[in-house]
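Visitor: Once you've had a glance at the structure underneath, I'll fire off some questions.
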Amino acid sequence: MPPLRALVFDAYGTLFDVHSVAQLCEELWPGQGAALSRLWRAKQLEYTWLRSLMRRYEDFARITEAALLHACAALGLPIDEQRRRRLLGAYRELATFPEVRDALAALKASKIRLAILSNGSPAMLRPVVAHAGLGALIGTLISVDPRKIYKPAPTVYRLAVERLGVTRRDIGFVSSNCWDACGAKSFGFRTFWINRAGAPVDALGAAPDHVIAGLDELPDLLRARLS
């Protein structure tokens, strides 16, 4: 296989820890932080898939809010306007995983072009990348918003080909969501699944090319393939 010309990263759960909001959830509802964070994320993803199938697109900010309100209602947690604003604001200041900055710096030094392809709307992606100080490392932010459908729809992955101006075989796609890596593989990208939890591969007919435990393994893996 020829060397990769670009690496495209999922954002939420891959670079940014969506469960870093659990600390605020716990502050607002002691004893319920972890449960709320898990259900919020599960509903957020579920709504993207269902709305894609229904062809009833809403941008990711609205879906994130709807998922939060559902999760609070399901857990019996009263949420007022102040709490709602604080929790939604936390999504623009998510923590990165510990290895992310050094790994991205190493990859950028190898002269591979780096980009994000995310379900997030531009208004969500720009502040979370800026807050993490990753703007100098990842110069291209690609949102599903122009397509009005969510991953793993093939047309979303095609956005990366169009924006980066390279073929799909020249792109490596990195995600901690196995279903996302499988979708990218089905489209024709070379894929790297970050399996931080040691989970089994989803049986979706297109398995990821590589499974790694953290983003810090990726620079060495790419160097080994070129040696």
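Visitor: Residue by residue through region 186-200, note down the ones that are crowded, with 24+ Cβ neighbours inside 10 Å and either part of a strand (DSSP E or B) or out of contact with any helix residue (DSSP H, G or I) (no Cβ under 9 Å at 6 or more places or on another chain) (or both).
Guide: Step one: list which residues in region 186-200 are crowded, with 24+ Cβ neighbours inside 10 Å, which gives 189, 191-194.
Selection gives Thr191, Phe192, Trp193, Ile194.
Visitor: Provide a single number: the residues in region 133-156 that are touching a Lys or Arg at 6+ places or on another chain (Cβ under 6 Å) and at pLDDT below 95. Can you show your working first?
Guide: Residues of region 133-156 touching a Lys or Arg at 6+ places or on another chain (Cβ under 6 Å): 137, 142, 155-156.
Remaining after also requiring at pLDDT below 95: none.
Number of matching residues: 0.
Visitor: Let me ask something else. Being within 19 Å of Ala115 (Cα to Cα), touching an Asp or Glu at 6+ places or on another chain (Cβ under 8 Å) and either modelled with pLDDT under 95 or not hydroxyl-bearing (Ser, Thr, Tyr) (or both) is the requirement here; does Phe192 meet it?
Guide: Taking the combined requirement at face value, the residue satisfies it.
Visitor: Is at least one residue of region 160-171 crowded, with 18+ Cβ neighbours inside 10 Å, more than 13 Å from the chain's Cα centre (by Cα) and among the polar types (S, T, N, Q)?
Guide: No - not one qualifying residue is present in region 160-171.
Visitor: Quick one: which of Thr48, Thr14 is open to solvent by less than 40 Å² (accessible area, probe 1.4 Å), at pLDDT 95 or above and not in a helix (DSSP H, G or I)?
Guide: Values: Thr48 fails: not in a helix (DSSP H, G or I).
That would be Thr14, the only listed residue that is open to solvent by less than 40 Å² (accessible area, probe 1.4 Å), at pLDDT 95 or above and not in a helix (DSSP H, G or I).
Visitor: Residues in region 66-89 that are touching a residue at least 60 places away in the same chain (Cβ under 8 Å) and either open to solvent by 20 Å² or more (accessible area, probe 1.4 Å) or of a type in the set (Asp, Glu) (or both): how many?
Guide: So in region 66-89, the residues touching a residue at least 60 places away in the same chain (Cβ under 8 Å) come out as 86-87.
Right, trim to either open to solvent by 20 Å² or more (accessible area, probe 1.4 Å) or of a type in the set (Asp, Glu) (or both) and you get 86.
Adding up the residues that qualify gives 1.
Visitor: Taking region 58-102 on its own, how many of its residues are in a helix (DSSP H, G or I), within 21 Å of Pro30 (Cβ to Cβ) and small (Gly, Ala, Ser)?
Guide: 5
Visitor: Something else about it: Among the numbered conditions (1) in a helix (DSSP H, G or I); (2) aromatic (Phe, Trp, Tyr); (3) in contact with a strand residue (DSSP E or B) (Cβ under 6 Å, 6 or more places away or on another chain), tell me where Tyr157 comes up short.
Guide: (3)
The values are calculated or read from the model by the stated rules, or taken from the named source; none is laboratory data. Note that the coordinates shown come from a computational prediction; the quantities given were computed from them, not determined experimentally. When we count neighbours, we look across all protein chains shown, and the Cβ atoms used for this are built from the backbone with ideal geometry, even at glycine. All accessible areas refer to the heavy atoms of the entire protein, side chains included, with ligands and DNA or RNA removed. Shrake-Rupley method; radii C 1.70, N 1.55, O 1.52, S 1.80 Å.
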